[in-house]
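The values are calculated or read from the model by the stated rules, or taken from the named source; none is laboratory data. This structure is a prediction, so every number in the text was calculated from the model and none was measured. Every residue, glycine among them, receives a Cβ derived from its backbone with ideal geometry; neighbour counts consider all protein chains shown. To get the accessible areas, we keep the full protein, side chains included, count just its heavy atoms, and leave off ligands, DNA and RNA. Shrake-Rupley method; radii C 1.70, N 1.55, O 1.52, S 1.80 Å.
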Amino acid sequence: MPDSKLKIGTHEFASRLIVGTGKYPSPDVMQAAHAASGAEMVTVAIRRINLDDPSGKTLLDYIDRSHYTLLPNTAGCYEAKDAVLTAQLARELLETDLIKLEVIGDAETLHPDPRATLEAAERLVRDGFVVLPYIGDDPILCKQLEEIGCAAVMPLAAPIGSGLGVCNPYSIRIIKERARVPVIVDAGVGTASDAAIAMELGVDALLMNTGIAAARDPVLMAAAMRHAVEAGRMAYLAGRMEKRLYASASSPMENLIAGERP
């Protein structure tokens, strides 16, 4: 089925799955999972890149930048000023204006801080960044972030790393209905059915990490997520049948040939 590409700022992607780099059992498994996922964008936590590895290698050495677009993120930041500084460091280190903005408000749930996220987003947009903010499934905040110039909005499906799936599909549908920028569901997707359900809501893409990295077989799960995202997108474009309270025969009895009996 023909489909348009995912557009974020000046970037275009055929894949609608974005993958992470944390929690994998080894760099080799991470590389294989990335390949199996079909993703074209990979997110990296700047504050968690170890520059003191005795081998001289960092996480970035295991990502083929000729194939993947890097999306640095500000994971681990709890204040707007720290997120802005981390984004600036990412731009210098990776030579990209793309930034996934995370400003956490609660250490236990890892829910984002709405006020600090909005503050940091305003500063980064003014500074020329292509900002993709991680936020709660709040239609009002999503609209505010879009209006200040964010290139996409990234509402959570469920708490980070929980694998609970889409907890509030109605809010996600409202966010998508009102948005004029891509809506990327971020956090909470645990398995392929979660991914398909999210895509069937009409969102433009999914970002996932733990659902793949923490699976018993991350490479196989990455492939499953790839197919689920594609199937969910196709189902959304196809348009599902109307739900009905009562049965509707697959072979209707109307317009039968004269003389036939059911």
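Starting from residues that are in a loop (DSSP other than H, G, I, E, B) and either small (G, A, S) or surrounded by 14 or more Cβ atoms within 10 Å (Cβ to Cβ) (or both), keep the ones in the stretch 55-69 and report whichever is modelled with the highest pLDDT. My answer is Y68. Can you find even one residue in the stretch 200-208 that is open to solvent by 50 Å² or more (accessible area, probe 1.4 Å), charged (D, E, K, R) and over 20 Å from F13 (Cβ atoms)? So far as the stretch 200-208 goes, no, none of its residues is open to solvent by 50 Å² or more (accessible area, probe 1.4 Å), charged (D, E, K, R) and over 20 Å from F13 (Cβ atoms). The requirement of being in contact with a Gly (Cβ under 7 Å, 6 or more places away or on another chain) and surrounded by fewer than 16 Cβ atoms within 10 Å (Cβ to Cβ) is satisfied by L164. Take the residues in the stretch 92-108 that are in a loop (DSSP other than H, G, I, E, B) and of a type outside the set (D, E, K, R); name whichever of them is surrounded by the fewest Cβ atoms within 10 Å (Cβ to Cβ). Taking the candidates together, the pick is A107.
Does the stretch 175-190 contain any residue that is crowded, with 17+ Cβ neighbours inside 10 Å, free of Cβ contacts under 8 Å to residues at least 40 places away in the same chain and out of contact with any helix residue (DSSP H, G or I) (no Cβ under 8 Å at 6 or more places or on another chain)? Before you say what the answer is, go through the steps one by one.
Within the stretch 175-190, the subset crowded, with 17+ Cβ neighbours inside 10 Å is 175-176, 179, 181-190.
Checking the rest, the ones that are also free of Cβ contacts under 8 Å to residues at least 40 places away in the same chain come to 175-176, 179, 181, 185, 188-190.
Those still in the list that are out of contact with any helix residue (DSSP H, G or I) (no Cβ under 8 Å at 6 or more places or on another chain) too: 176.
Looking for residues that are crowded, with 17+ Cβ neighbours inside 10 Å, free of Cβ contacts under 8 Å to residues at least 40 places away in the same chain and out of contact with any helix residue (DSSP H, G or I) (no Cβ under 8 Å at 6 or more places or on another chain), one finds at least one in the stretch 175-190, hence yes.
In the condition set (1) more than 21 Å from A198 (Cβ to Cβ); (2) among the hydrophobic types (A, V, I, L, M, F, W, C); (3) outside any loop (DSSP other than H, G, I, E, B); (4) open to solvent by less than 50 Å² (accessible area, probe 1.4 Å), I18 is compliant with all but (1).
For the stretch 32-54, the condition of being farther than 24 Å from F129 by Cβ, modelled with pLDDT under 95, part of a loop (DSSP other than H, G, I, E, B) and touching a Leu at 6+ places or on another chain (Cβ under 8 Å) holds for at least one residue.
Identify all residues within the stretch 64-114 that are touching a helix residue (DSSP H, G or I) at 6+ places or on another chain (Cβ under 8 Å) and on the phi > 0 side of the Ramachandran plot; write none if there are none. Answer for the stretch 64-114, where residues must be touching a helix residue (DSSP H, G or I) at 6+ places or on another chain (Cβ under 8 Å) and on the phi > 0 side of the Ramachandran plot: just G76. For A87, the test of being open to solvent by less than 10 Å² (accessible area, probe 1.4 Å), within 25 Å of A120 (Cβ to Cβ) and small (G, A, S) is passed. Filtering the stretch 70-84 to residues that are touching a Ser or Thr at 6+ places or on another chain (Cβ under 9 Å), assigned to a helix (DSSP H, G or I) and surrounded by fewer than 17 Cβ atoms within 10 Å (Cβ to Cβ) leaves only D82. Restricting attention to the stretch 151-174, the residues that are free of Cβ contacts under 8 Å to residues at least 40 places away in the same chain and not hydroxyl-bearing (S, T, Y) add up to 12.
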